[in-house]
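Data first, discussion second: the structure below is written as structure tokens.
The values are calculated or read from the model by the stated rules, or taken from the named source; none is laboratory data. Only a predicted model underlies this, so the values are computations on that prediction, with no experimental measurement involved. A quick note on method: Cβ atoms are made from the backbone with ideal geometry, for glycine too, and the neighbour counts reach across all protein chains shown.
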Amino acid sequence: MIPHRENHLVLDIANSESETELQGNRQIIAPYRGAVSYVQFTTDQRKPWYIQALRPDGSPLTFGYDVLDLQENNIGVVGQGSRLFIRVDEIPTGIKVALNDEQNLFCTITFQHVIDENKTYICQ
């Protein structure tokens, strides 16, 4: 690093096998000569889960809609092909998926303390 100048730091985690999400991989610092710089990057260490889910009629859930825990905290999103992506510390007893944001309609998926990523869940 060059002292007394802006130094741009970028973390490349492309080959990392960690489940930790890096929420920002760029920092700018201007250290003094001989200084040891402490640079902090924000991370999310909750466990990621991918869940296949459909509506009761077999149609896909709406892409981009929020996934909430039962306390209404946002924990994920509906991805392409009706695949849910969530990040949680512990497996929730259930999740709510928005069906219609304008009408505040939701469906619910319940879990028995385990999430089977190979199973297709039905959102009731």
Next on the checklist: For the stretch 100-116, give me the residue count where each residue is farther than 12 Å from Leu54 by Cβ and either of a type in the set (A, V, I, L, M, F, W, C) or at pLDDT 90 or above (or both).
Outcome noted: 8
Checklist entry - If we keep just the residues of the stretch 58-77 that are more than 15 Å from Asp89 (Cα to Cα) and among the charged types (D, E, K, R), which is surrounded by the fewest Cβ atoms within 10 Å (Cβ to Cβ)? => result Glu72
Next on the checklist: I'd like to check something: does the stretch 9-25 contain any residue that is modelled with pLDDT under 90, of a type in the set (Val, Ile, Thr) and under 28 Å from Arg87 (Cα atoms)?
Outcome noted: yes
Checklist entry - Only one of these conditions is not met by Ser37: (1) assigned by TED's automatic domain parsing to the domain that holds Ile2; (2) touching a Lys or Arg at 6+ places or on another chain (Cβ under 6 Å). Which number is it? => result (2)
Checklist entry - In the stretch 9-39, which residues are in a loop (DSSP other than H, G, I, E, B) and touching a strand residue (DSSP E or B) at 6+ places or on another chain (Cβ under 8 Å)? => result Leu11, Ile13, Glu19, Thr20, Gln23, Asn25, Ala30, Pro31, Ser37, Val39
Item to check | Candidates Arg46, Arg83, Arg87, Arg55 - the one that is surrounded by 10 or more Cβ atoms within 10 Å (Cβ to Cβ) and touching a Cys at 6+ places or on another chain (Cβ under 7 Å) | outcome: Arg55
Item to check | Qualifying positions in the stretch 40-61 - part of a loop (DSSP other than H, G, I, E, B) and not hydroxyl-bearing (Ser, Thr, Tyr) | outcome: Gln40, Phe41, Gln45, Arg46, Arg55, Pro56, Asp57, Gly58, Leu61
Checklist outcome for this item: How many residues of the stretch 61-74 are under 19 Å from Ile115 (Cα atoms) and in contact with a strand residue (DSSP E or B) (Cβ under 8 Å, 6 or more places away or on another chain)? The answer is 7
